[in-house]
Amino acid sequence: MLIRKSILWTSLILLAPACFADQWNKKTIITINEEVMVPGAVLQPGTYVIKLVDSLSNRHIVTIMNEREDKVITTILAIPNWRLTPTGKTDMKFWETPAGNPPAIRAWFYPGDSFGQEFAYPKGLSAKIAEAAHEPVLTTEARTQAEMKEAPVTKVEPSGKEEPVEVSTYVAPESAKAPEVREEPAPAPAPVAAAEELPKTASPYGAFGLVGLVALTAGLAWRFVALPRRK
């Protein structure tokens with residue numbers, strides 16, 4: 001087991017690429033110096049190009065080509081595989097395989113992405129890998145790109161039992177989603193306030209006093225007029 005793990009770690013280090021990639025199709029260049037198994041092929045030592053072939057589709061279809069990109073080595077159907085800590089370089093995860101078989105790539109992670117592509121292996125081979133790895137392994141009967149657009153993906157348990165797998169469009173984790181922007185209704189115009197009465201500047205008691213003063217003055221004047229004049 002320790003020897004097997006050391007082989008996997010060695011392969012992982014060797015597969016860490018000098019990658020010059022395109023954000024659109026995740027194009028990545030890798031170089032390996034020992035055999036590595038992928039769905040539909042065994043990669044011999046050399047340089048390869050990995051990229052998505054259908055970025056607008058809700059299926060994750062991966063192609064592996066030679067260095068000159070003039071020959072397709074294999075086409076692979078995958079589903080999202082999440083990781084908690086993205087890294088700044090390409091990362092490859094491997095399956096434990098039966099004795100005598102090269103390590104098998106489980107998933108490919110593009111630099112900086114929190115999700116990668118987990119490969120679905122052909123039926124039969126996926127069962128053998130599941131038995132050796134003691135984990136469920138994705139499987140599909142699709143062989144061509146056209147078939148992969150519609151073909152179901154299932155998983156094979158270590159016991160050999162096949163179970164369905166829900167494959168859907170990529171949805172970012174909650175922490176990675178853009179903030180929700182809601183369109184709020186335009187505020188209604190404020191009602192025009194009714195004209196207010198001018199503030200009263202004096203108490204009515206002042207008016208009463210003024211009336212009293214006038215009455216007093218008038219009374220005194222009348223008294224002065226009514227008094228008899230002395231000769």
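Only the coordinates and a few stated rules stand behind these numbers; no lab work does. Note that the structure is predicted; figures quoted are calculated from it, not measured. Virtual Cβ from ideal backbone geometry, glycine too; neighbours counted across all protein chains shown.
Some points to look at:
- Taken along the Cα-to-beta-carbon direction at a fixed 7 Å, the label points for residue 83 and residue 159 span 3.2 nm.
- Highest to lowest packing among 46-54, 149-157, scored as the average C-beta count within 10 Å: 46-54, 149-157
- Segment residue 23-residue 135, length gained on full extension (0.36 nm per residue, minus Cα span): 37.2 nm
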